[in-house]
1. With a ≥ b ≥ c the root eigenvalues of the C-alpha gyration tensor of the chain, is it rounded (a/c under 1.5), prolate (a/b larger than b/c) or oblate?
2. Can you put 50, 25, 75 in order, fewest other beta carbons within 10 Å first?
3. What is the distance in Å between the Cα centres of region 43-100 and region 9-40?
4. Hey, in the GNM for the chain with a 10 angstrom Cα cutoff, which one of 38, 72, 94 fluctuates hardest?
5. Considering only 56, 28, 40, give the residue with the highest GNM mean-square fluctuation for the chain, with springs between Cα atoms whenever their separation is below 10 Å.
6. Could I have the simple spin-label model distance between residue 90 and residue 53, label points 7 Å from Cα toward Cβ, reported in nm to one decimal?
7. Got a sec? How would 58, 5, 24 order by Cβ neighbour count within 10 Å, fewest to most?
8. What is the order of 10, 31, fewest Cβ neighbours within 10 Å to most?
């Protein structure tokens with residue numbers, strides 16, 4: 001995660017809960033919340049509704065909105081929450097190895 005953050009450029013890492021990070025995205029106080037690690041659908045459903053109502057998005061790593069009760073397990077894939085829908089967030093997607101683990105940002 002530290003290598004990924006360094007490649008973002010200037011950043012501030014907040015040590016608050018996932019729900020609070022999503023609320024910061026919704027209010028415009030934070031730009032990007034990348035989550036690399038397991039969360040349950042119950043952890044993100046309300047946060048996704050709040051972020052989307054504020055004009056942002058909570059997506060998987062292909063920038064598709066998270067879907068609920070659509071898979072046999074209720075564990076989410078890695079995801080991004082971001083507020084500015086006009087910005088090209090795809091440049092911040094990590095490249096992945098064959099096991100699906102993040103490696104580094106494209107072009108770095």
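1. Values: a/c = 1.59, a/b = 1.11, b/c = 1.43.
Oblate, since a/c reaches 1.5 and b/c is not below a/b.
2. Listed from fewest to most nearby Cβ atoms, that is 75, 50, 25.
3. One Cα centre to the other: 12 Å.
4. 72
5. Ranking 56, 28, 40 by mean-square fluctuation puts 40 first.
6. Each label point is offset 7 Å from its Cα along the Cβ direction, giving 3.1 nm.
7. If I rank by nearby Cβ atoms, fewest first, I get 5, 24, 58.
8. 10, 31
Here, each number is a calculation from the coordinates, and none is a lab measurement. This one's a predicted model, so the numbers in the text were calculated from it and none came from an experiment. Please note: Cβ atoms are built from the backbone with ideal geometry, for glycine as well, and neighbour counts cover all protein chains shown.
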